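Undergrad: Here you go, one structure.
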Amino acid sequence: MAEFTMDLSDDQKQVRDWIHGFAADVIRPAAAEWDEREETPWPVIQEAAKVGIYSLDFYAQQFFDPTGLGIPMAMEELFWGDAGIALSIVGTGLAAIGVVANGTEEQIGTWIPQMYGTPDDVKVAAFCSSEPDAGSDVGSMRTRAVYDQAKDEWVLNGTKTWATNGGIANVHIVVAVVDPELGTKGHASFIVPPNTPGLSQGQKFKKHGIRASHTAEVVLEDVRIPGSCLLGGKEKLDERLARAHERARSGGGERVKNAAMATFEASRPAVGAMAVGTARAAYEVALDYAKTRTQFGRPIIDNQGVAFQLADMRTSIDAARLLVWRASWMAVAGKPFTSAEGSMSKLFASEVAKKVTAQAVQILGGNGFTREYPVERMHRDSAIYTIFEGTSEIQRLVIARTLSDMPIR
């Protein structure tokens, strides 16, 4: 187990600088165009694939960094470039992680390559969990998966929403209810192969921010998939459901729910790192502007009202990064989040991103309110961090419950 340290190795620095160079040279110059177009930036994804950033191998290498800092470093640099384009690049990873975490070796080997495609023919994947009436309240999920034993097929019906790459993906990973009596413990994940009849794109959302990332509904109407597309397999699912029923009869269900929450906790620092990247980008623009913008015969940074804002912005960004790195290291080191450190990192970093980008707009004044300067886009993009992967309110609830060991509502 690696000790926690703020000193990056030479290899880590090299990877960080490589990703930063791609973000500066490829992502940033394209950011404004794809934000305006509100379309998936396929040429940028293709460039990322050609250099090796858009690939399972790249994310696997960062994920298995023994210090735990590989993923947060990568996320910070990509989202420093632009949040919308970066989410288009990393969005497939959500589906890939779902397969790696729950699938068999055969499923991993079969489906992960189809999620990414090749540098000459890039593909994307979608992870479909949220529903119109089941966002934070996953217990209200209505999408059903029913097993047709005679044909060894699963039949899926329902509507998913807020799906990154939903409808345009080559492969969709869909979470559905298989045993309604068990609530959230009666859910399972399924692979929907390319061109499966019955799956269609519903509404494509026109969003406030991250507009270069495709977000849409996914409609499932009698979608039939082979039994082999149940992640983990039928035998494993039956065993899990039987254990869940036994725990429910013995009153042990709460322990299972806490174990599931711990899994979600481990993924949240990555979102915190995205927020740190956006906040850092806005801060740097504001700092450069304040040093060169002259009013009343001197740079505006000479005024304490501006200088102190910048000092607070930098302090909060560094504090957010420290929380993200601590949680990321704890996750890879197998240390329990006894104080909900994963949720802490995501909560604080996302709130920092909203505040820092707003301060950047204020420092640039009227210029900051126009699309001629990137802080306007960064401010719009930052709003998503307090919403997806668990809202700020849900993070506070998780933290409060963990600290108090009480069923706070």
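Undergrad: Kindly indicate whether any position in the range 363-370 is under 15 Å from the mean Cα position of the chain (by Cα) and surrounded by 23 or more Cβ atoms within 10 Å (Cβ to Cβ).
TA: Checked the range 363-370: no residue is under 15 Å from the mean Cα position of the chain (by Cα) and surrounded by 23 or more Cβ atoms within 10 Å (Cβ to Cβ).
Undergrad: Considering every residue within the range 156-176, establish whether at least one is surrounded by fewer than 19 Cβ atoms within 10 Å (Cβ to Cβ), over 25 Å from residue 78 (Cα atoms), among the β-branched types (Val, Ile, Thr) and touching a Pro at 6+ places or on another chain (Cβ under 8 Å).
TA: Yes, the range 156-176 contains a residue that is surrounded by fewer than 19 Cβ atoms within 10 Å (Cβ to Cβ), over 25 Å from residue 78 (Cα atoms), among the β-branched types (Val, Ile, Thr) and touching a Pro at 6+ places or on another chain (Cβ under 8 Å).
Residues are listed down the side, and each one gets a yes or a no for (1) open to solvent by 10 Å² or more (accessible area, probe 1.4 Å); (2) in a helix (DSSP H, G or I):
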residue: 15; (1), (2): yes, yes
residue: 23; (1), (2): no, yes
residue: 39; (1), (2): yes, no
residue: 61; (1), (2): yes, yes
residue: 90; (1), (2): yes, yes
residue: 113; (1), (2): yes, yes
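Undergrad: Suppose the filter is in contact with a His (Cβ under 8 Å, 6 or more places away or on another chain), in contact (Cβ under 8 Å) with a residue 24 or more places away in the chain and either outside any helix (DSSP H, G or I) or of a type outside the set (D, E, K, R) (or both); does residue 202 pass it?
TA: Judged against the criteria, residue 202 is not a match.
Undergrad: Return the pair list, or none, for Cβ contacts closer than 8 Å from residues in the range 52-65 that are within 17 Å of residue 333 (Cα to Cα) and without any contact (Cβ under 8 Å) to a residue 12 or more places away in the chain to residues that are assigned to a helix (DSSP H, G or I) and open to solvent by 30 Å² or more (accessible area, probe 1.4 Å), at least 6 apart or on different chains.
TA: What qualifies is 63/71.
Listed here are the residues, each with its yes/no results for (1) among the acidic types (Asp, Glu); (2) over 15 Å from the mean Cα position of the chain (by Cα); (3) in a helix (DSSP H, G or I).
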site	(1), (2), (3)
47	yes, yes, yes
50	no, yes, yes
53	no, yes, no
66	no, yes, no
72	no, no, yes
75	no, no, yes
78	no, no, yes
86	no, no, yes
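Results for (1) in contact with a helix residue (DSSP H, G or I) (Cβ under 6 Å, 6 or more places away or on another chain); (2) open to solvent by 40 Å² or more (accessible area, probe 1.4 Å); (3) at pLDDT below 95, shown as yes or no for each residue.
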position: 206; (1), (2), (3): no, yes, no
position: 211; (1), (2), (3): yes, no, no
position: 220; (1), (2), (3): no, no, no
position: 237; (1), (2), (3): no, no, no
position: 249; (1), (2), (3): no, yes, yes
position: 262; (1), (2), (3): no, yes, yes
position: 280; (1), (2), (3): yes, no, no
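Undergrad: If you check 323, 287, which single one turns out to be within 24 Å of residue 93 (Cβ to Cβ) and open to solvent by 30 Å² or more (accessible area, probe 1.4 Å)?
TA: Working: 287 fails: within 24 Å of residue 93 (Cβ to Cβ).
Going through 323, 287 in turn, the sole match is 323.
Undergrad: Please go through the range 222-253 and give me each residue that is in contact with a Leu (Cβ under 9 Å, 6 or more places away or on another chain) and assigned to a helix (DSSP H, G or I), ordered by number.
TA: 236, 237, 241, 244, 245, 248, 253
Undergrad: Residue 310: part of a helix (DSSP H, G or I) and open to solvent by 30 Å² or more (accessible area, probe 1.4 Å), yes or no?
TA: Judged against the criteria, residue 310 is not a match.
Undergrad: I'd like the residue in the range 131-183 that is of a type in the set (Ser, Thr, Tyr) and either under 18 Å from residue 101 (Cβ atoms) or not in a loop (DSSP other than H, G, I, E, B) (or both) and, out of all such residues, is nearest to the chain's Cα centre (by Cα). Talk me through it step by step, then tell me what you get.
TA: Keep residues of the range 131-183 that are of a type in the set (Ser, Thr, Tyr), which gives 136, 140, 143, 147, 159, 161, 164.
When the remaining residues are screened for being either under 18 Å from residue 101 (Cβ atoms) or not in a loop (DSSP other than H, G, I, E, B) (or both), the result is 140, 147, 159, 161, 164.
Details: 140: 22, 147: 31, 159: 21, 161: 15, 164: 10 Å.
For the range 131-183, the residue satisfying everything is 164.
Undergrad: Among the residues of the range 320-338, is there at least one that is over 20 Å from the mean Cα position of the chain (by Cα), assigned to a helix (DSSP H, G or I) and either more than 14 Å from residue 274 (Cα to Cα) or of a type in the set (D, E, K, R) (or both)?
TA: Yes: the range 320-338 contains one or more residues that are over 20 Å from the mean Cα position of the chain (by Cα), assigned to a helix (DSSP H, G or I) and either more than 14 Å from residue 274 (Cα to Cα) or of a type in the set (D, E, K, R) (or both).
Undergrad: Could I ask something else about it? For the condition polar (S, T, N, Q), open to solvent by less than 50 Å² (accessible area, probe 1.4 Å) and either in contact with a Ser or Thr (Cβ under 6 Å, 6 or more places away or on another chain) or farther than 22 Å from residue 279 by Cβ (or both), what is the one hit in 5, 67? Steps first, answer last, please.
TA: On the way: 5 fails: open to solvent by less than 50 Å² (accessible area, probe 1.4 Å).
The unique qualifying residue is 67.
Undergrad: Also: Return the total of residues in the range 337-358 being buried (at least 23 other Cβ atoms within 10 Å of the Cβ) and closer than 10 Å to residue 379 by Cβ.
TA: Residues in the range 337-358 being buried (at least 23 other Cβ atoms within 10 Å of the Cβ) and closer than 10 Å to residue 379 by Cβ: 3 in total.
The values are calculated or read from the model by the stated rules, or taken from the named source; none is laboratory data. What you are looking at is a predicted structure, and each value in this text was computed from that prediction instead of being measured. Note: ideal-geometry Cβ built from the backbone for every residue, glycine included; neighbour counts use all protein chains shown. We work out accessible area using only protein heavy atoms, side chains counted, and drop any ligands, DNA or RNA first. Shrake-Rupley method; radii C 1.70, N 1.55, O 1.52, S 1.80 Å.
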